[in-house]
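Have a look at the structure below, then the notes.
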Amino acid sequence: MINRELTPEEKDVYNTVATHPLQSWEWGDFRERTGVAVRRFGTFDGNKLVAGFQIFFHAIPKTGVTVGYIPRGPLMDTELFAQLDKICAEHSCVFVKLEPNVSVTDPKVLQLIQNPSFDAQKLTSLFPGLQLSKKPLFTEHTFTIDLTKSEEELLALMHQKTRYNIRLGQKKGVTVQEDDSPEAFELYLKLTQETTRRQKFFAHDENYHRLMWDEMKKSKIAHLLTANYNNEILATWILFLFNDVLYYPYGASSDKYREVMASHTMLWEAVRWGKAQGAKSFDLWGALGPNPNPKHPWYGFHRFKSGFGPAPVTFIGSYDYVINPPWYKIYHALDTLRWMYLKASTFFWSV
């Protein structure tokens, strides 16, 4: 096996082995436009690319050091960490956050830890410097819908109330369509601002969304769906379609006409749209896992998604590969203060 940095000419072949849309070449191009440094590497068996990953380096302002991030990348191994040691030295990297796109039931990870059930501590013990992350960025759990099943089979798996709400929305006249026009995207931005204010959560700024949409749309990874009722758009969702998997990363909605159940109709039509595009699976991009707490701020999203009868998936988790321990402690102290400030600002703004 040969490991080396990839060239722009290898973009298309790299995308065939990328493990997730956030590992796609286009996502890397988008992040470069936001000021993040991006490096891409591949593993070759002879002349054939068999695996790859990209790492993002985020500069910590006024320090001269960076933090690395590999979102939804491959399973860790000794060769990966050997590469990280070399790359991170070039970027004065404090630590690398790794959140592999690997479930706890994946045979490769069970073989790696030599255990019939997943053990995160056993995994960290295999690689010096690796520890469980103090602050995961991705959720540990998600839901997936098997799009190879027929519509009748999928409807049968749903909660009865979910089927009822879908049919109610259809009966009321809610329609869903793909609309990648500039006008639809501008409305998506507007509804995103409304949604974040209403539900009081943090979201990326407008420039982030514009650059993301520009890069991911032109490669036909990103698609925008709208739910329409009474000549108004009530919800806008951005979906990613990548390597036969559909993803639901971004959604926004109006607070009007909630009684017509536009979001239920939207998700069902997203399922039908994905099947028509040839997708095999639909990743709903996050869940709370088993025995969710009804008081959790995401519980409403979790319950909404669970009504569609999806399969639960648990990932192996979030890890920090610590290269500079003193700076690692400083970084987390500063990050804690930053979030205290943001939450306080949100509170005072809301009152």
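A few comments on the model shown:
- Here Gln177 clears all of (1) in contact (Cβ under 8 Å) with a residue 40 or more places away in the chain; (2) part of a helix (DSSP H, G or I) except the condition numbered (2).
- When we screen Glu10, Glu32 for residues that are under 20 Å from Ile87 (Cα atoms), more than 23 Å from the chain's Cα centre (by Cα) and assigned to a helix (DSSP H, G or I), the only hit is Glu10.
- Among residues of the stretch 32-49 that are touching a residue at least 40 places away in the same chain (Cβ under 8 Å) and among the hydroxyl-bearing types (Ser, Thr, Tyr), those with a beta-carbon under 8 Å from a residue that is open to solvent by less than 40 Å² (accessible area, probe 1.4 Å) and not in a loop (DSSP other than H, G, I, E, B) at least six positions away or on a different chain give the pairs Thr34/Tyr208; Thr34/Leu211; Thr43/Leu49; Thr43/Ala51; Thr43/Gly52.
- Cβ-Cβ contacts under 9 Å between residues 6 or more apart (or on different chains), taken from a first residue in the stretch 303-328 that is closer than 20 Å to Tyr164 by Cα to a second residue that is open to solvent by 30 Å² or more (accessible area, probe 1.4 Å) and among the charged types (D, E, K, R), are listed as Gly307/Lys161; Gly307/Arg163; Pro310/Asp146.
- Scanning the stretch 53-89 for residues that are open to solvent by less than 40 Å² (accessible area, probe 1.4 Å) and on the phi > 0 side of the Ramachandran plot yields one hit, Arg72.
- Residue that is nearest to His159 (Cα to Cα), among those in the stretch 266-278 that are open to solvent by 40 Å² or more (accessible area, probe 1.4 Å) and free of Cβ contacts under 8 Å to residues at least 60 places away in the same chain: Ala276
- Complete set of residues in the stretch 146-174 that are small (Gly, Ala, Ser) and either in a helix (DSSP H, G or I) or within 27 Å of the chain's Cα centre (by Cα) (or both): Ser150, Ala156, Gly169
- Checking Glu140, Glu186, Glu194, Glu151 one by one, the residue that is among the acidic types (Asp, Glu) and under 25 Å from Gln23 (Cα atoms) is Glu140 and no other.
- Matching residues, the stretch 1-41, being surrounded by 14 or more Cβ atoms within 10 Å (Cβ to Cβ) and at pLDDT below 95: Asn3
- Residue list for the stretch 298-321, filter: over 15 Å from Tyr248 (Cβ atoms) and assigned to a loop (DSSP other than H, G, I, E, B): Gly309, Ile316, Gly317, Ser318
- Selected residue [open to solvent by less than 50 Å² (accessible area, probe 1.4 Å), closer than 15 Å to Leu147 by Cα, in contact (Cβ under 8 Å) with a residue 40 or more places away in the chain and among the polar types (S, T, N, Q)] from Ser281, Ser253, Ser263: Ser281
- Any chance Asp214 is in contact with a Lys or Arg (Cβ under 9 Å, 6 or more places away or on another chain), part of a loop (DSSP other than H, G, I, E, B) and either of a type outside the set (Phe, Trp, Tyr) or touching a residue at least 40 places away in the same chain (Cβ under 8 Å) (or both): no
- Within the stretch 155-172, the set of residues being open to solvent by less than 80 Å² (accessible area, probe 1.4 Å) and either of a type in the set (Ser, Thr, Tyr) or touching a Pro at 6+ places or on another chain (Cβ under 6 Å) (or both) comprises just one member, Thr162.
- Picking from residues in the stretch 229-266 that are within 21 Å of Arg163 (Cβ to Cβ) and assigned to a strand (DSSP E or B), the one that is nearest to the chain's Cα centre (by Cα) is Tyr248.
- Some residue of the stretch 115-135 being open to solvent by 50 Å² or more (accessible area, probe 1.4 Å), under 22 Å from the mean Cα position of the chain (by Cα) and at pLDDT below 95: yes
The values are calculated or read from the model by the stated rules, or taken from the named source; none is laboratory data. Fair warning: this is a prediction, and the values are worked out from it, not measured in the lab. With ideal geometry, Cβ positions are generated from the backbone for all residues, glycine too; neighbour counts draw on all protein chains shown. When the accessible area is computed, the model is the full protein with side chains, heavy atoms only, and any ligands, DNA or RNA have been set aside. Shrake-Rupley method; radii C 1.70, N 1.55, O 1.52, S 1.80 Å.
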